[in-house]
Each structure stands twice: as structure tokens, then as C-alpha cells.
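Worksheet: the structure to be examined is printed underneath.
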Amino acid sequence: MATFFATRLLAWTRDNHRPLPWDNGPRDAYHVWISEVIMQQTRIVQGWDYYLKFIERFPDVGALAGATQEEVLRYWQGLGYYSRARNLHKAAKMVVDELGGVFPHAFEELKKLPGVGDYTAAAIASFAFGLKHPVVDGNVKRVLSRFGGYEGSIDEPSGHKEILALATKLMKGSSPADFNQAIMNFGALVCTPKNPQCTACPLSKKCYAYRNECVDALPVRTKKKTNTLRYLHFLVLSWRGKILLHQRGGKDIWRGLYTPPILETRSTRKPTLKTVTAEVRSLTGTDRFEWTDSSDPVIQVLSHQTLHGRFHHIELLKKPGKAREGFVWVPTRHLDDFPRPKMVVEGGKPE
DNA sequence: AACTCGGGGGC
DNA sequence: GCCCCAGAGTT
């Protein structure tokens, strides 16, 4: 069975080249690492230009370690899951400061780097070093749950282990890098979530799901997704060509990114003048202002939250005091120096 | 084990 | 609308 799978899979790959953004560049540990982190939970097409621009600006681990977190986040702006960028930066510093700038080869050592989990460690170990570690991503879970007939939930740790065990068996005798690359491409192009190309599939003859007519029922997922509704009111305070930005911290979304000060409420209705006045006074030390405009609600759907945002334009009539810790007055022409979430980039555009 | 963390595209 | 994408960290 292992021979059938790998032979057919690798033959399919030879006839079906899939262009990837790193095709024309080196595939050492640094480049594999960057590409895999950028592509986490992201379609290749979406991450394509991010990868090329990131590599251009940070061509090696030293360049990345030497940059500021702000600049790294700017290159990540719009890509989402910003902890990936923060961890990438932190890990680059670890490699430079503690490992002499050299990536470890061993799977377990790779996993010690922040942001490197099972998948990314296996990808680096196999693609950069040729080690026998199967990658288990969404593609692999789908292909193997169908082919092997795994009907448990792929969301559970047990499901992950089952798929990993099957992948390990099927990989035996193949080049780990070739096998890993092939199975992910195959999942992306043939064994797709919707409308898989079973009639053209070189594996269908021995595919459990195809033989048992349950392709659409696999893989099984059990995770339920919560969806919280939130109402964010951005206070766009301006004073002589500058606006006030706040760098987000804590455990909420967009940590490390900059937004105007936010008043969160329970509806899209404008906060009361009283609330806004108190907030402006707290932020600037003055309550002399003119509330000139409020945008229509802008909706941004995240994987686990739906955000309704409104931008309230407030012009100060008196010089503000020194910005509080974590806040900064930014000339509007320098806004691009500050990494901001998509909703803020869009909402800040002139109408 | 369950939650949290962005944004986009296919259907 | 719902699902899923070259997942990982925290609680």
C-alpha cells in the first residue's frame, strides 16, 4: 500500500507542477521557515507577495533579528495572525544570539523556537535537511483521512496522531522533501475540500473514501466556531495634521498593531457625547473639540469575531497634553510607518 | 481539551 | 452564510 501511494503520488507530481513563490530562491532553513510561517492558515496566493517582499527586505536571519518589531509587523500588515510575526522576530533573535545564527537540524530543537510547532518543524527538517518527518497540515489530513478511511475527528490530538502515523508509513522509501511537497500539492489541486477530482485521481483505486462513496463526508471535524459580535468605535483625534494612535497590547486581537483609541460598546449607535468627552479628556487633557463626522459602520469578519467599526472624527481645538504611555501623535503622512489592522487602514482612507 | 488569534476566497 | 486555508500558543 505504501508503495502504491508514494509511487502514484510522486508520478502525479512529475506531471503536475505547481508554481510556488519560493521556486526561484534558496530552500535553506531560513527560507523554508519564513515561507511556512507566512503560509500558516493562509492560501498560497494570499501569502505569495508577502513572502517575496519579506525575503527581499529580510534576506537572512541576521537581517530579521536586526530589525525592529514594528518593521516586521509592517511587512505582515494585512496578513493576520500577528503573533506569527512577533514570534518570527523573537525566534530570529534567538537563532542569532543563542545559536550563532545557525538553525538547529533536529526536529525537537526546531520546535523550541517560538512559533514553530509540529508542522513547521517537520517542514524545515524535511525540506531543508532531508530528514524523515512527515508534515501534517490541512491538506495532509484531508488526503489521508480519505485515502486511509480515518473517520475520527481530525481536530482531536488523537486524529492528528493517526494521520501522522499513516503519513510516516506511506513516506517510507521516498525522499521526505519530495513526499511532503507532493502530498500538499495533491491536496491543494486534486483532493480538494469541495468537488475533489476523483475521476482524475491516480489514487482513487485504493482510496477508502472513493471506494465507499464517502469522499464528501471526510475528513470529520468537530471544532465548533464561536462568533462574537463586537462594536468598535474608533476615535480619530486630530490636531494640526497629526492623529493619535495607540499600540495595542494585552491578549486581544491585533496585539502590537496601532489603532486610533477605541471605545467598545454594545451597538453601532454612536457613543454619547458625554462618554466621548470623558474619553477625549482622559486621552488629551482637554475637552475642547469638535466632533465633525461619524462614518457608517464597517464590517470586518474574523474567524472568531465579527467586528462592526465606526470612525468618529474629532478635531481638537486646543493643544493636547503629552501622549500617554502607549499612545503617539502621528503626522498623517507618516501613518504608513505604523502597522495597522486592515479595518483601520481602510477606515482611515479619505472618503 | 477548549479557546484564541486575521483575513480572504470558493461555493 | 459556511467552510477552510502549508497552525501555534495559552488557559
In terms of the charge dipole of region A:228-347, which places +1 on Lys and Arg and -1 on Asp and Glu at the beta carbon, the residue among A:277, A:233, A:267 farthest towards the positive end is A:277
Cα-based Debye curve of chain A sampled at q = 0.06, 0.09 Å⁻¹ gives log₁₀ I(q)/I(0) of -0.30, -0.63
Long-range amide H partners of residue A:289, meaning residues 5 or more apart or on another chain whose placed amide H is closer than 5 Å, are A:317
Rounded to the nearest 5, the percent of DSSP beta bridges in chain A running antiparallel is 65 percent
By Cβ neighbour count within 10 Å, fewest first, A:214, A:198, A:191 rank A:214, A:198, A:191
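With +1 on each Lys and Arg Cβ and -1 on each Asp and Glu Cβ, how big is the dipole of chain A about its Cα centre, in debye rounded to the nearest 20?
Charge dipole, chain A, about its Cα centre: 760 debye, nearest 20.
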Phi angles of region A:99-116, converted by Karplus (6.51 cos²θ - 1.76 cosθ + 1.60, θ = phi - 60°) into ³J(HN,Hα) in whole Hz with x for Gly and Pro, give 10, x, x, 10, 6, x, 8, 5, 3, 5, 6, 4, 5, 6, 6, x, x, 9
Taking region A:115-178, the whole-percent share of alpha-carbon pairs separated by over 19 angstrom is 27 percent
Amide H neighbours of residue A:305 at under 5 Å, excluding residues fewer than 5 places away on the same chain, with H built from the backbone geometry, are A:228
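Name the trypsin sites (Lys or Arg not before Pro) in region A:251-351 that are in a loop by DSSP and that have at most 15 other C-beta atoms within 10 Å, would you?
Working: sites: A:251, A:255, A:266, A:269, A:274, A:281, A:288, A:310, A:318, A:322, A:324, A:333, A:342; in loops: A:251, A:255, A:266, A:269, A:288, A:318, A:322, A:324.
Here the sparse-neighbourhood loop sites are A:251, A:255, A:266, A:269, A:288, A:318, A:322, A:324.
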Rounded to whole angstrom, the alpha-carbon centroid of region A:191-245 lies from that of region A:52-80 at a distance of 26 Å
Going residue by residue through region A:185-196, the Karplus relation 6.51 cos²θ - 1.76 cosθ + 1.60 with θ = phi - 60° gives ³J(HN,Hα) values, rounded to whole Hz and with x marking Gly or Pro, of 4, 4, x, 6, 10, 10, 8, 7, x, 10, 6, x
Taking the alpha-carbon centre of each part, the distance from region A:81-112 to region A:304-339 in Å is 33 Å
Between residue A:296 and residue A:272, Cβ-based FRET efficiency (R0 25 Å, step 0.05) works out to 0.85
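Specify whether the C-alpha gyration tensor of region A:255-351 places it in the rounded, prolate or oblate class, a ≥ b ≥ c being the square roots of the eigenvalues: rounded for a/c under 1.5, otherwise prolate if a/b is larger than b/c and oblate if not. Can you show the working numbers first?
Values: a/c = 1.67, a/b = 1.23, b/c = 1.36.
Oblate, since a/c reaches 1.5 and b/c is not below a/b.
Would you mind ranking A:8, A:146 so that the residue whose beta carbon has the fewest other beta carbons within 10 Å leads the list? Let's see the in-between values first.
Values: A:8 18, A:146 27.
Ordered from fewest to most neighbouring Cβ atoms within 10 Å, A:8, A:146 come out as A:8, A:146.
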In order over region A:200-208: 3J(HN,Hα) from phi, Karplus 6.51/-1.76/1.60, θ = phi - 60°, whole Hz, x for each Gly or Pro, gives 9, 7, x, 10, 4, 3, 10, 7, 4
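Since every read-out is calculated from the coordinates, none of them should be taken as a lab result. Given the structure is predicted, the values throughout are model-derived calculations rather than measurements. Using ideal geometry, Cβ is built from the backbone for each residue, glycine included, and neighbour counts are taken over all protein chains shown.
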